[in-house]
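The structure is given below, and queries will be raised subsequently.
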Amino acid sequence: MMRTWQSARRLLPLIAVFGMFLAGCGREDLSVLKPQGPAAESSLGLMKLAISIMIVVLLIVFSIAAYVMIRFRRKPGQNEIPDQTHGSFKLEVLWTVIPLILVIVLAVPTVRTVFALGDNHSGDKNAIKVKVTGHQYWWEFEYPDYGIKTAQDLIIPAGKDIAFELTTNDVLHSFWVPSLSGKIDTNPTGATNRFSFSAPKEGVYRGKCAELCGPSHGFMEFKVKAVSNDEFNQWIEAQKEPAVLPADPVLAETFKEQCLKCHAVGDQGMSVGPSLTGIGSRESVAGILLNDDTRQDGAPVEENLKTWLHDTQGVKPGNLMPDPKQDMGLSDDEIDRIAEYLAGYKLN
Amino acid sequence: MDWITTVDHKKIAILYLWAGGLFFGIGGIEALLIRWQLIKPMNDFVDAQTFNELITMHGTTMIFLGVMPIIFALMNAVIPLQIGARDVAFPFLNALGFWTFLFGGLLLNLSWMMGGAPDAGWTSYTPLSGTAYSGTHGVDFYTIGLQIAGLGTLIGGINFLATIITMRAPGMSFMRMPMFAWTTFITSAIILFAFPAITVGLVLLTFDRILGANFFVPGGGGSPVLWQHIFWIFGHPEVYILILPAFGIISEVIPTFARKRLFGYSSMVFATILIAFLGFMVWAHHMFTTGLSPVANALFAVSTMLIAVPTGIKIFNWLFTLWGGSVRFATPNLFASGFIPTFTMGGVTGVMLASAPADFQFHDTYFVVAHFHYVIVGGLVMGLFAGLHYWWPKMFGRMLSETLGKWTFWTFIIGFHLTFFVQHFLGLMGMQRRVFTYLPNQHFDTLNLVSTIGAGLMGAGMLVFLANVWITSRKPPDAGGDPWEDGRTLEWSIPSPSPEYNFKQTPLVRGLDAFWKEKTAGNKGMTPAEPIGSIHMPSATPLPFVMAVGIFIAGLGFMFSRDDFSSALVSFLFNNYVVTGLGLLITFGAMLVRSLYDDHGWHIEPEELEGR
Ligand code: HEM
Ligand SMILES: [Cu+2]
């Protein structure tokens, strides 16, 4: 075993070079190559080890290939018959044993990391428990210890271990935050999955669904927002506050009747669709319309809400929300006012 | 008519080639449409539903209907010749295998015209592939079409097993068999064990969908993870069904063009068997993120990595076959030489994927798309191109143009690496697979553009190949029996294209590379193992075609047995299984005719053999 580690250590310079090369790729909040937490780091560590070994293998194969193809090319007029060698026992043993050693070098840390990442923190008192439920095409996050539910934005305290319990309400999905951790599938209840990760640095990280789940599979995104402990506690408290309804009582009534059939705000409504509590302070509408008007691919919350409510199928084809105008009979004006109200519904 | 009734393995090979060409073309067009949709972020060239149908049909078509028949075409064209046989063991079954395959494939593709193609991915994971989430008949076309096509494949596999076991020429022991015959043998064995698994899976899924059973439906106590196990117990061996024949082809082409015998023949045989064996033990590496236990993940990770060892043996043996040889880069050998580094790159990423904690990141991203295309396209398709250019004169009596062949090679391989190399990075940068579009500003745009351009180039390479085939077919057949001049195996000892009976006299095999051995001993041809005598031939018959048509009708009937049609009569026919019954009646009727009517075949007499 010592040996294998030594040969692994010899690869370190190569790993370093590759690390630098790969680190050039992608966004910090999204790329596997720029890990922002320990789980993603341990995956990347293995990837670097594997790719270093593999590059060595490739270099050997490529050089031999280039050599034989150039050196033994038939020249014009060359017509002799080369030696009909049968093979070489020694050489054949050599290229059985070397790959075997390389495989062992990779297998040992692989097995270790499998067990290390298998630790799901479900019994850990200090970990924050979160139940993730996949829906076509949105994510529900429940905090059983605090009795609250939210959607699309997963708020977590930075630095703490989060103990996840994952299921799906319909088809299979897969929960993936590339810069924080590898993915894990959401299976129907009965085959609930557990795993854990943490985000040491505060920030917003992009999450995706990685299992084909229907037409809008590609749009089933979410955000993980790591905040300070205090901010987290404040957010929990704010979530528990009673619902804020539209100031106009007529609009409030329409909103209750039409929207709260599926959605929830504060202590009111249902959780068939994503909770709307504090949607004005979320990172995105529907997971993909980014509420960031400082960037060219973002727009103010209110505008995004209007985009969504006026054309839900256009934004996310195949999603299960009825159309506000066609199916719920709301007028354009009512839709805009509801959007305005929701945009102003902020926590804190 | 001749083509519908033929039972000659050489003609069936050509039928397989046409069918393969057709489906490969369809799958290729689907691929180009997919790449066109992904050329820029938020593209709306096709809608989300159509996109999912396209990826599903592309994957399904390519794996089951595109490359498989081309492999079978080469096997049919070459195996009996390589082992010195006059035909396959069961010529009638051979034809039946082809026709069921073809009609299964046609049924699957009919879905485009009959209300929606399957849309749950080529893996058809439940519950997405259940009626609750996939409401069209798409997935029914998938389950029933693949079952019919799979029947054909299974028949073909059994036929090759029997042929290779029982019909080798005198003197051809197993350890004197050409590598392509070996890999065909092992591939057929894998088919024999793997296809029953998918058949059971597809039957159960059909029951779920059409008869309302609950095998894979969570609400009814079924398990989606069970489907994944059944699918991959078939699915992983399936990728070896695809790649082993390519290994065989490369092992034929390289020695011929290096003028050397294959380096380490017996370790090649051993490695092939080991790969087949390990191929059955590693299916759960497709399921690392399903939530298996760490113990299972660790075991499957390590057993998967082990496959690298026999694969490595093969790579180095090929390289050392070239070492010290006199290497000529005719088109077949260009493809074979391009195969080695390209396939190695695919194998290497395979080992990376096997490291389970790293796969938590790779899985279901473009990294995986890159990996398996490196293996399937960079490995198998390059192997098939090598084989087609190599055996074309034997199949058709004409040499493909070398100039066009080289053009095909260079456009194809450059296009290939452009398309797929960058996808490794897309995956690592966070792009999942099977997404119909992506948001801008994620650093995905440029690499996707590059990938689409590469796909276009590959398409161009295909067109050059088609042009080559077209131009060649208009030339007179002029290829000699041994057109590459350095042929080593038995098929090169007879004229091109070979006569209906293959060998006038069964050859006597005196060693590995039998024909080469005779040539270097100064002999013009093979030493016969028997005097010239009358040759028994099987009769042509339309029955296999009729049987396949019957199954096709029965499949369609069953699929629509729950539908309401606007015409009461049509509804009556389908809902009471009249159509299904009619189809089965046709098939069983043809079987009955086959068993009652004694066909002794016919004979070619010695005078006729000499009189040419
Ligand atoms: C050295 C040999 C190989 C190794 C170690 C290997 C390993 C793997 C692993 C671990 C995966 C799972 C990746 C994931 O889903 O995250 C995978 C996927 C795949 N492999 Fe391979 N493989 C090898 C050869 C092949 C060959 C020969 C083929 C085909 C001819 C192939 C085709 C595929 C396909 C189609 C998938 C994608 C499955 C899907 O997610 O739909 N592989 N391979
Ligand atoms: Cu999803």
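Of the residues that make up the range A:242-263, is at least one assigned to a strand (DSSP E or B) and not aromatic (Phe, Trp, Tyr)?
no
Let's see how each residue does on (1) under 19 Å from B:Val67 (Cβ atoms); (2) open to solvent by 10 Å² or more (accessible area, probe 1.4 Å); (3) within 16 Å of ligand 2 (Cβ to nearest atom):
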residue: B:Ser326; (1), (2), (3): no, no, no
residue: B:Ala330; (1), (2), (3): no, no, no
residue: B:Phe335; (1), (2), (3): yes, no, no
residue: B:Ser355; (1), (2), (3): no, no, no
residue: B:Ala358; (1), (2), (3): no, no, no
residue: B:Phe362; (1), (2), (3): no, no, no
residue: B:His373; (1), (2), (3): yes, yes, no
residue: B:Leu380; (1), (2), (3): yes, no, no
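May I ask you to say which residue of A:Ala243, A:Ala264, A:Ala286, A:Ala226 is open to solvent by less than 40 Å² (accessible area, probe 1.4 Å), away from ligand 2 (no atom under 16 Å from the Cβ) and under 17 Å from the mean Cα position of the chain (by Cα)?
Just a single option satisfies the conditions, and that option is A:Ala226.
What pairs come up if the first residue lies in the range B:526-553 and is in a loop (DSSP other than H, G, I, E, B), the second is hydroxyl-bearing (Ser, Thr, Tyr), and their beta carbons are under 6 Å apart, counting only those six or more places apart or on different chains?
Pairs found: B:Met526/B:Ser493; B:Ala529/B:Thr506; B:Glu530/B:Thr506; B:Ala540/B:Thr5; B:Ala540/B:Thr6; B:Thr541/B:Thr5; B:Pro542/B:Thr5.
Moving on. Against the condition on the phi > 0 side of the Ramachandran plot and either in contact (Cβ under 8 Å) with a residue 12 or more places away in the chain or open to solvent by 40 Å² or more (accessible area, probe 1.4 Å) (or both), how does A:Gly314 come out, does it pass?
It is false that A:Gly314 is on the phi > 0 side of the Ramachandran plot and either in contact (Cβ under 8 Å) with a residue 12 or more places away in the chain or open to solvent by 40 Å² or more (accessible area, probe 1.4 Å) (or both).
Name every residue in the range A:65-84 that is surrounded by fewer than 16 Cβ atoms within 10 Å (Cβ to Cβ), of a type in the set (Val, Ile, Thr) and at the interface with chain B (Cβ under 7 Å from one of its Cβ atoms), in order of residue number.
A:Ile81 - this is the single residue of the range A:65-84 that is surrounded by fewer than 16 Cβ atoms within 10 Å (Cβ to Cβ), of a type in the set (Val, Ile, Thr) and at the interface with chain B (Cβ under 7 Å from one of its Cβ atoms).
Looking only at the range B:241-266, how many residues end up being within 13 Å of chain A (Cβ to nearest Cβ), over 11 Å from B:Ala336 (Cα atoms) and aliphatic (A, V, I, L, M)?
2
Specify the residue that is surrounded by the most Cβ atoms within 10 Å (Cβ to Cβ); the eligible residues are those in the range A:289-311 that are within 14 Å of another protein chain (Cβ to nearest Cβ) and either farther than 20 Å from B:Asn441 by Cα or of a type in the set (S, T, N, Q) (or both).
Out of the qualifying residues, it is A:Asn304.
Still on this structure, I have one more. Given the criteria buried (at least 18 other Cβ atoms within 10 Å of the Cβ), over 20 Å from the mean Cα position of the chain (by Cα) and of a type in the set (A, V, I, L, M, F, W, C), does A:Ala107 qualify?
Judged against the criteria, A:Ala107 is a match.
Another one. Name the pairs whose Cβ atoms lie under 7 Å apart, with the first residue in the range B:75-95 and over 14 Å from B:Ala169 (Cβ atoms), the second of a type in the set (Phe, Trp, Tyr), and 6 or more positions between them or separate chains?
B:Met75/B:Phe160; B:Asn76/B:Tyr16; B:Ala77/B:Trp391; B:Val78/B:Phe180; B:Val78/B:Trp391
Among the residues that make up the range A:186-206, is at least one of them within 16 Å of ligand 1 (Cβ to nearest atom), within 28 Å of B:Asp47 (Cβ to Cβ), at the interface with chain B (Cβ under 8 Å from one of its Cβ atoms) and buried (at least 18 other Cβ atoms within 10 Å of the Cβ)?
Looking for residues that are within 16 Å of ligand 1 (Cβ to nearest atom), within 28 Å of B:Asp47 (Cβ to Cβ), at the interface with chain B (Cβ under 8 Å from one of its Cβ atoms) and buried (at least 18 other Cβ atoms within 10 Å of the Cβ), one finds none in the range A:186-206, hence no.
Tally up the residues in the range A:198-217 that are within 16 Å of ligand 2 (Cβ to nearest atom), closer than 19 Å to A:Ser43 by Cα and either among the small types (Gly, Ala, Ser) or part of a loop (DSSP other than H, G, I, E, B) (or both), please.
Of the residues in that region, 2 qualify.
For the range B:91-122: of the residues being among the polar types (S, T, N, Q) and surrounded by 24 or more Cβ atoms within 10 Å (Cβ to Cβ), which is nearest to ligand 1 (Cβ to nearest atom)?
B:Ser111
Something else about it: Would you list the helices (runs of 4 or more DSSP H) that sit entirely within the range B:1-76 and hold 2 or more residues that are away from chain A (no Cβ under 14 Å)?
Correct list: B:2-5, B:9-37.
While we're here: Just name the residue that is farthest from ligand 2 (Cβ to nearest atom) out of those in the range A:153-197 that are of a type in the set (Ser, Thr, Tyr) and more than 16 Å from A:Phe141 (Cβ to Cβ).
A:Ser179
Also: With B:Phe300, B:Phe316 as the choices, which residue is open to solvent by 10 Å² or more (accessible area, probe 1.4 Å), at pLDDT 95 or above, within 7 Å of chain A (Cβ to nearest Cβ) and within 16 Å of ligand 1 (Cβ to nearest atom)?
B:Phe316 is the lone residue from the list that is open to solvent by 10 Å² or more (accessible area, probe 1.4 Å), at pLDDT 95 or above, within 7 Å of chain A (Cβ to nearest Cβ) and within 16 Å of ligand 1 (Cβ to nearest atom).
A follow-up question, please. Looking at A:Ile15, A:Ile64, which is the one that is part of a helix (DSSP H, G or I), among the β-branched types (Val, Ile, Thr) and modelled with pLDDT of 95 or more?
Being part of a helix (DSSP H, G or I), among the β-branched types (Val, Ile, Thr) and modelled with pLDDT of 95 or more holds for just one of A:Ile15, A:Ile64, which is A:Ile64.
Please go through the range B:77-96 and give me each residue that is part of a helix (DSSP H, G or I) and closer than 30 Å to B:Asp513 by Cβ, ordered by number.
Once the filter is applied, which keeps residues that are part of a helix (DSSP H, G or I) and closer than 30 Å to B:Asp513 by Cβ, the range B:77-96 yields B:Ala77, B:Val78, B:Ile79, B:Pro80, B:Leu81, B:Gln82, B:Pro91, B:Asn94.
If the requirement is being farther than 30 Å from B:Tyr390 by Cβ, touching a residue at least 12 places away in the same chain (Cβ under 8 Å) and either in a helix (DSSP H, G or I) or away from chain A (no Cβ under 14 Å) (or both), which of these qualifies: B:Gly235, B:Gly201, B:Gly219, B:Gly212?
Being farther than 30 Å from B:Tyr390 by Cβ, touching a residue at least 12 places away in the same chain (Cβ under 8 Å) and either in a helix (DSSP H, G or I) or away from chain A (no Cβ under 14 Å) (or both) holds for just one of B:Gly235, B:Gly201, B:Gly219, B:Gly212, which is B:Gly201.
So which residues in the range B:140-172 are outside any helix (DSSP H, G or I) and either crowded, with 24+ Cβ neighbours inside 10 Å or without any contact (Cβ under 8 Å) to a residue 24 or more places away in the chain (or both)?
Selection gives B:Met172 alone.
Taking B:Leu292 as meeting all but one of (1) within 11 Å of chain A (Cβ to nearest Cβ); (2) under 30 Å from A:Val108 (Cβ atoms); (3) part of a helix (DSSP H, G or I), write down the number of the exception.
(3)
Now for a different question. Can you name the number of the only condition in (1) out of contact with any Phe, Trp or Tyr (no Cβ under 9 Å at 6 or more places or on another chain); (2) away from chain B (no Cβ under 11 Å) that A:Lys149 fails?
Result: A:Lys149 passes all but (1).
The values are calculated or read from the model by the stated rules, or taken from the named source; none is laboratory data. Being a predicted model, the structure only gives us computed values, none of them experimental. Note that we place each Cβ from the backbone using ideal geometry, even for glycine, and neighbour counts take in every protein chain shown. Protein only, heavy atoms only, side chains kept; ligands, DNA and RNA dropped before computing areas. Shrake-Rupley method; radii C 1.70, N 1.55, O 1.52, S 1.80 Å.
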